[in-house]
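Visitor: Here it is, the structure in full.
The values are calculated or read from the model by the stated rules, or taken from the named source; none is laboratory data. This structure is a prediction, so every number in the text was calculated from the model and none was measured. Ideal geometry is used to build each Cβ from the backbone, glycine not excepted, and the neighbour counts take in all protein chains shown.
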Amino acid sequence: MLGTYAIYQGKDFTDFTMEMDVFATDNDGMGIVWGFTGQDKHHRIIMINDKWPSPALDKVGGPFMKLQQRVGPEEPWYKIIEVVKDSYKPYAEGKHLHWTFSVINGEAKFKREDGLSISANVGRTTGKIGIQLYAQQADFDNIVITPSTVAVNAKGKLATAWSSIKSSR
């Protein structure tokens with residue numbers, strides 16, 4: 001199950017938060033890809049509302065939400081890192097949805113507007129970000145990607161040294 005990728009080519013990301021509005025008109029498959037350095041090297045979150053694929057290569061057919069790592073150009077293509085199957089609620093079709101996704105220090109977290117979420121430690125990845133569709137009709141809008149900045153340890157830096165000098169007067 002490979003599908004179509006729409007990849008933002010402007011920048012590589014390691015730690016980031018991405019939010020978007022989604023309007024799905026059917027139930028085939030859609031999700032987010034990140035750490036994308038090629039079609040055979042990336043991670044993804046994918047949701048499928050129907051019972052496809054049957055039989056599934058990885059033994060987990062739909063409906064589901066999966067967090068996966070692409071393992072190469074040959075079957076089985078993806079390795080499951082985390083899966084939501086029994087508690088999976090299909091995403092709403094014909095309604096506005098909102099997704100929030102972040103990767104911080106190798107921890108990937110995805111949450112939908114209805115509260116359904118999936119997360120796992122995937123390790124540090126750097127690459128492009130995008131969306132993936134599998135026979136899906138959907139509109140994506142208001143996509144905002146915010147790179148995370150690592151806080152600088154201020155101890156011993158000029159600002160804290162100056163503050164210490166002033167406070168000792």
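Visitor: Out of Lys59, Lys41, Lys66, I need the residue that is at pLDDT 90 or above, more than 21 Å from Gly94 (Cβ to Cβ) and surrounded by fewer than 17 Cβ atoms within 10 Å (Cβ to Cβ). Which one?
Guide: Of Lys59, Lys41, Lys66, the one residue that is at pLDDT 90 or above, more than 21 Å from Gly94 (Cβ to Cβ) and surrounded by fewer than 17 Cβ atoms within 10 Å (Cβ to Cβ) is Lys41.
Visitor: I'm trying to understand the selection: among the residues of segment 36-84, which are touching an Asp or Glu at 6+ places or on another chain (Cβ under 9 Å) and either on the phi > 0 side of the Ramachandran plot or basic (Lys, Arg) (or both)?
Guide: Listed by number, the residues that qualify are Lys66, Arg70, Gly72, Trp77, Lys79.
Visitor: Then there's this: Going through Ile118, Ile81, Ile145, Ile131 one at a time, which residue ends up being farther than 23 Å from Leu2 by Cα, modelled with pLDDT of 95 or more and surrounded by 12 or more Cβ atoms within 10 Å (Cβ to Cβ)?
Guide: Ile145
Visitor: I'm trying to understand the selection: among the residues of segment 148-164, which are modelled with pLDDT under 90, of a type in the set (S, T, N, Q) and either surrounded by fewer than 10 Cβ atoms within 10 Å (Cβ to Cβ) or under 19 Å from the mean Cα position of the chain (by Cα) (or both)?
Guide: Across segment 148-164, the qualifying residues are Thr149, Asn153.
Visitor: Would you please name the residue that is farthest from Gly38 (Cα to Cα), looking only at residues in segment 94-145 that are among the polar types (S, T, N, Q), in contact with a strand residue (DSSP E or B) (Cβ under 8 Å, 6 or more places away or on another chain) and assigned to a loop (DSSP other than H, G, I, E, B)?
Guide: So the residue we want is Gln137.
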